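The values are calculated or read from the model by the stated rules, or taken from the named source; none is laboratory data. No experiment lies behind these values; they were computed from the predicted model shown. When we count neighbours, we look across all protein chains shown, and the Cβ atoms used for this are built from the backbone with ideal geometry, even at glycine.
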Amino acid sequence: MAAMTRLQLLQHHRPFQVSKSSVIMAKFAQLPTSSYQNCCGNRFRRISSGRSFCSGSDQIQIQTVESGVLAGSSSSIVGDLLDYLNESWTQFHATAEAKRQLIAAGFHLLNENEEWDLKPGGRYFFTRNMSSLVAFAVGEKCRVGSGFHIIAAHTDSPCLKLKPKSASSKSGFLMVNVQTYGGGLWHTWFDRDLSVAGRVILKGSGGSFLHKLVKVKRPLLRVPTLAIHLDRTVNSDGFKPNLETQLLPFLGRKMEESSQDFKEKNSVKDGHHPLLLQILSKELDCNSDDIVTVELNVCDTQPSCLGGGNNEFIFSGRLDNLASSFCALRALVDSCKLPSDLSNEDAVRMIALFDNEEVGSGSVQGAGAPTMFQAMRRITASLATGYVGEGSVERAIRQSFLVSADMAHGVHPNYPDKHEEHHRPELHKGLVIKHNANQRYATSGVTAFLFKEVGKIHNLPTQEFVVRNDMGCGSTIGPILASGVGIRTVDCGIPQLSMHSVREICGKDDIDTAYKHFKAFYQSFSSVDRKLNVDI
Ligand SMILES: [Zn+2]
């Protein structure tokens, strides 16, 4: 942790008042001053990179920071990742926070609806649906037909989402109707302190509407398990909840009194509990009647933190795939911090963060849409001055390379046989290169070699993964983009445990290794790529 931040933490270790609104406003240029709770209920004001850690008291937190055990030193990005995870409860917040950081780093916001006037040496980005984002830095030596060096990841994670009509009641409880999103380990959502976050459309002035993000930080919802006394065989037969009827969170107690006020609270407005709309309006500092529509995820309120005997792990929700998204974002920003960083670069350095990977990527904000390809084509066209020759976009694509970054399965100490005997990635041992002969991953022998060569030059370890032949294999956006765009691709990821649980685990060191490998990719890939020619 940087000296300034440590000082701020020491000065502000008393509990702070929670800021009135946690809404992320349309402007992101200012540093955030939001506050949030740690897992023990202590509140900290976020100043520039204030963090919450899972310690027993304020004093312990400060001692731990002082001892230098926690990440956040100038050479580590782990502390900043914890901030990013705690800020990014939803795909919308993950994109908005990335947007804020890009603007703070001097990237120019582009509008997809307007003409682009791009320059070599320039740094740009755009968002789509506030849940996907493409950012890029143009090398000073970049010309029409130059290649793109891209790292792609995703912003979404499995979760519960509120149905359009979320209000119902059962046995004296106000229930919230939800639909499952993606392949979550749904049993992990039971007995967690849950809340809601997402976006709302509000009535604006003069008949206009406003798009705002919202996050309710206090525990609001709960999905209780059934007591063992009422479910004696659960440990022997397994926990198999019905996802339609038994995974519903409750919001509160149903009011039985007959006063008008209670009657109103029991009524349903626009398909949602008035109590929920009241809570949202308080967060948004508006009248609940101004809320026109909502799009909300159910979220775990427990903050991301370090854990393990030596604080060597990260315990958090949404590591898949915000850990990759953040490492890619920081690698891009840090690889072109100084104007001189791009002076010898002849490629475009890019990140592409997509929504809806967990449900197959088939949406306007998903990797199945031509967002990235369209950006590549527009950048190539915008750089054109005078005669450009035949096949400029195709030439650019053939010289391009994509790193598809998504979390990988580390070997589980209690289930080692779930991994193929000779391909058991371990936590803390570097990025995992994912292989699959049936193209569930887009890695080829050549793309794996080139990406590992980048790591080798910078002394960064890598590991290999293939799934057992008697098990099914997951997939990523790698094959979608490789086949859709026709771009050379390597699939890789940070090893983790508990993938798709509400609370996942990865190794702290692997975050820094991934960040360094991604940064090295931007800085070194042009020279590495020149050393091997496959087709000519
Ligand atoms: Zn993923």
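Among the residues making up segment 118-142, those that are of a type outside the set (Ser, Thr, Tyr), part of a loop (DSSP other than H, G, I, E, B) and more than 18 Å from Leu342 (Cα to Cα) are Asn129, Met130. Please verify whether segment 235-245 includes one or more residues that are within 16 Å of the ligand (Cβ to nearest atom) and touching a residue at least 40 places away in the same chain (Cβ under 8 Å). Checked segment 235-245: no residue is within 16 Å of the ligand (Cβ to nearest atom) and touching a residue at least 40 places away in the same chain (Cβ under 8 Å). Among the residues of segment 412-448, how many are assigned to a loop (DSSP other than H, G, I, E, B) and in contact (Cβ under 8 Å) with a residue 60 or more places away in the chain? Residues in segment 412-448 being assigned to a loop (DSSP other than H, G, I, E, B) and in contact (Cβ under 8 Å) with a residue 60 or more places away in the chain: 7 in total.
Among the residues of segment 467-522, which ones are away from the ligand (no atom under 16 Å from the Cβ), part of a strand (DSSP E or B) and touching a Ser or Thr at 6+ places or on another chain (Cβ under 7 Å)? Listed by number, the list holds a single entry, Arg488.
Just to be sure before I move on: is Ala331 within 16 Å of the ligand (Cβ to nearest atom) and at pLDDT 95 or above in the structure I sent? For Ala331, the condition - within 16 Å of the ligand (Cβ to nearest atom) and at pLDDT 95 or above - is not met.
Of the residues making up segment 147-161, those that are surrounded by fewer than 24 Cβ atoms within 10 Å (Cβ to Cβ) and more than 16 Å from the ligand (Cβ to nearest atom) are Gly147, Lys161. Number of residues in segment 354-373 that are within 12 Å of the ligand (Cβ to nearest atom), under 25 Å from Arg330 (Cβ atoms) and not acidic (Asp, Glu) equals 4.
Cβ separations smaller than 6 Å between residues 6+ apart or across chains give the following pairs from segment 206-222 residues that are within 20 Å of Asp289 (Cβ to Cβ) to residues that are among the hydrophobic types (A, V, I, L, M, F, W, C) and in a loop (DSSP other than H, G, I, E, B): Lys212/Val23; Val214/Val23. With respect to Val333, determine if the residue is in contact (Cβ under 8 Å) with a residue 24 or more places away in the chain, part of a loop (DSSP other than H, G, I, E, B) and not hydroxyl-bearing (Ser, Thr, Tyr). The answer is no for Val333. When restricted to residues that are in a loop (DSSP other than H, G, I, E, B) and more than 16 Å from the chain's Cα centre (by Cα), segment 303-313 contains 5.
When segment 490-527 is filtered for residues that are within 21 Å of Glu345 (Cβ to Cβ) and either not assigned by the TED database to the domain that holds Thr443 or not hydrophobic (A, V, I, L, M, F, W, C) (or both), the ones remaining, listed by number, are Tyr515, Lys516, His517, Lys519, Tyr522, Gln523, Ser524, Ser526, Ser527. Contact map, segment 457-473: residues that are at pLDDT below 95 paired with residues that are among the basic types (Lys, Arg), Cβ distance under 7 Å, separation 6+ or inter-chain. Pairs shown: Cys473/Arg440.
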